[in-house]
1. On the basis of being over 18 Å from Arg349 (Cα atoms), crowded, with 23+ Cβ neighbours inside 10 Å, β-branched (Val, Ile, Thr) and more than 15 Å from the ligand (Cβ to nearest atom), does Ile324 make the cut?
2. Just wondering, is there one or more residues in region 202-213 that are outside any helix (DSSP H, G or I), free of Cβ contacts under 8 Å to residues at least 24 places away in the same chain and of a type in the set (S, T, N, Q)?
3. Collect the residues in region 513-539 that are open to solvent by 20 Å² or more (accessible area, probe 1.4 Å) and closer than 15 Å to Ala220 by Cβ, keeping them in residue-number order.
4. So, Pro660, is that one in a loop (DSSP other than H, G, I, E, B), at pLDDT below 95 and under 19 Å from Pro738 (Cα atoms) or not?
5. Evaluate region 161-170: report whether one residue or more is of a type outside the set (Ser, Thr, Tyr) and farther than 16 Å from Gly218 by Cβ.
6. From the list Val161, Val209, which one is over 28 Å from Tyr635 (Cα atoms), within 16 Å of the ligand (Cβ to nearest atom) and either aliphatic (A, V, I, L, M) or open to solvent by less than 10 Å² (accessible area, probe 1.4 Å) (or both)?
7. Suppose we filter region 83-98 for residues that are away from the ligand (no atom under 16 Å from the Cβ) and either open to solvent by less than 20 Å² (accessible area, probe 1.4 Å) or on the phi > 0 side of the Ramachandran plot (or both); how many remain?
8. Can you confirm whether region 502-523 contains a residue that is aliphatic (A, V, I, L, M), within 26 Å of the chain's Cα centre (by Cα) and assigned to a helix (DSSP H, G or I)?
Amino acid sequence: MKSCLAFLLVISISISSLSQVNPKNTQHDAAMNQYVSTLMQKMTLEEKIGQLNLPSIGFDVTGPVLSQGVEEKIRKGLVGGVFNTYTPIAVRKLQQLAVNETRLKIPLLFGYDVIHGHRTIFPIALGLSSSWDTALIERTARAAALEATADGLNWVFSPMVDIARDPRWGRVSEGAGEDPWLGSQIAKAMVKGYQGTDLSKDNAVLACVKHFALYGAGEAGRDYNTVDMSRIRMFNEYLLPYKAAVEAGVGSIMSSFNEIDGVPASGNKWLLTDLLRRQWGFRGLVVSDYTSINEMVNHGVGDEKKVGELSLNAGLDMDMVGEIFIRYGIDLVKSGRVAQTQVDAACRRILEAKYKLGLFQDPYRFVNEERPAREMMSADKLELSKEAAMKSMVLLKNAGQALPLQANKKIAFIGPLVKNQRDLIGSWSGAGDWKKAVSIWDALQQKFGADKFLYAKGCNLVQDSVLRKRLNDHDGQLTIDPMSPAQMIDQAVQTANQADVVVAVLGEAFGMTGEAASRSMIGLLENQLELLKALKNTGKPIVLVLMSGRPLTLEWENANCEAILETWFSGSQAGNAIASVLFGEYNPSGKLSMTFPRNTGQIPIYYNAKNTGRPIDPNNKYSTKYLDVPNTPLYPFGFGLSYTTFNYGEIQLSSASIKPGASITASVAVTNTGKFDGVETVQLYVRDMIGSISRPVKELRGFKKISLKVGESGTVHFKITVDDLKFFNADLKFVAEPGDFKLFIGGNSQDVKEIGFTLVK
Ligand code: NOJ
């Protein structure tokens, strides 16, 4: 009875708060409800179930192609939307089938994996998150929406907001790293960027937050693997970004491949209905991941019909590729295993999405043959791509001011990624054309003229034939040089010997990251390390320019290279952006959104850990530590250098205590003490010293960017409210508990100033 009352209360709160928001929305909702109800009255059960079907048709797939004869199914009204089809011509053709040849003329949704740009490719999401610049990230999502809608699309499967603490997982490249607070800010920014202010505009797309939920916590970093997690950890550390996206008004959510508490997400009623819709008030549509309903058979929770029943009853609306709903839906309803109202609700949510996108008004809203020429890779978007790339790069080491480079020195650029274009746009670069990406070498030629610098390839990007074959089977373009590995190294060493400084450009092939691309060892590949060691033996200073889709283990590199610049896979303008940073036109300002471990044995390693009962103590054997490696990471969360240096003053607090409903302000003076103008990201962390459950040693609660000229000082202020001190307690109530707190401010999660304060009752 009690839980029933609580449920009614939640519903009434969410309904009344939603209708209070904006009277215009309520009118819109009423008109939409009426429109959809009238339409649904005309629909047969088969047509309703048809709306729940999302086949893939066209260019690209990430699993078995199960969607046969899609055009015929569209004609029969058995398709609600398609994905992987784009360009106005292709979209118009399919939309015409739906609008002209079906009984009820219901237009289709057109989805696609627009992940970090559509035609203009921005840095991979992990890179973008390292900019800690939510306005910039929002602009990249907006630009992607402009191109996607110009290509006929109205739905993008982004943002991916899965918190990830295991860099072995290939898909860390697609998300915003390890922190739930930073991840939440980025999730909101991306939803706003994609959906704009008004979904019915012809340049707004429906966003789809994914993968709900906890997909980033697969055991051992292996893709699609089992997840098992306490509710306390879920609520405090993993669910926040999805919730933030819901609060930002995201129109759709994709369920994940993994199980939660033994129930696969795509059939998990607690997740999709109790939490998402009842507690969080989500009113959009839920789509499965690619055949994730079918895959519940492999999870071992039933045969195909049973998993269809589980999914529909869990509150999943749309079946991506698997066609379980259209195969078993009618029977499930007729036999009473699924209530007709459940199918009606799913169908309604899909029709509502179409209504919000304005598709009933004009099914060809996104089909304008003139827009592509205007939008695709326009000069402003390429400029934005370069800006985003520069702001995403993280300077990990810079001993003796090896960087920025001086163009009057003799510089040798060495490595398989110097002239490379294919890998620059990274994985999940959808409709991006790698042939249009600017290589580092081309950028240098453009900037400084031909033959200004020395070059040698030095090694193949991937020497190992087994790995190379695997990568090439999936769109890799990895080739083997006619020279032997030894000859290539010899040539590189000779080239290095002629130079004052060596820039080694090394890293992962794009296919070593992304979906189904987990690695058990995350260092540079052996052949690349061999090259680097040979270069080191020349005695020349080495600047290591890295491309990767994940944190790498870089102990040797850190000990032996003068400078290290992490550039991720930085997109269409990669070469131009890297050249600008290397030569000091842009002073790097990126900060890591994910910890770099010293070795794989430390994984999972993340900054917002718990203290344990036996915190590390070098003098006590029986304290939490390894025998063979320190507990600390190589580069902590929030870390990133600049060509200049910043000095932090002591923290000033407006009051040593805070009351419920009130706030305090923490201020810190930051001074540019180096030789370059620069931008610093000042980070604020808190720690709840004593809680009813143990609390992490630090949690990010704010950050601000400050731009300082040489010698300049500025003061950064943070307002802290009681909300910033809240967490989910053992009853999963979101509370702030009175008592002592610590507050930390610094340029990364490790090097901070600290001060205490108290939350009073
Ligand atoms: C599988 C991936 O997990 C998901 O992120 C993607 O959106 C779908 N495939 C569609 O391509």
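1. Against the criterion (over 18 Å from Arg349 (Cα atoms), crowded, with 23+ Cβ neighbours inside 10 Å, β-branched (Val, Ile, Thr) and more than 15 Å from the ligand (Cβ to nearest atom)), Ile324 qualifies.
2. Scanning region 202-213 turns up no residue that is outside any helix (DSSP H, G or I), free of Cβ contacts under 8 Å to residues at least 24 places away in the same chain and of a type in the set (S, T, N, Q).
3. Answer for region 513-539, where residues must be open to solvent by 20 Å² or more (accessible area, probe 1.4 Å) and closer than 15 Å to Ala220 by Cβ: Ala516, Ser518, Arg519, Ser520, Met521.
4. yes
5. no
6. Val209
7. So the count comes out to 7.
8. yes
The values are calculated or read from the model by the stated rules, or taken from the named source; none is laboratory data. These figures come from a predicted structure and were not determined experimentally. We place every Cβ from the backbone using ideal geometry, glycine too, and count neighbours over all the protein chains shown. The protein model used for the area step is the full one, side chains on, heavy atoms only, and it has no ligands, DNA or RNA in it. Shrake-Rupley method; radii C 1.70, N 1.55, O 1.52, S 1.80 Å.
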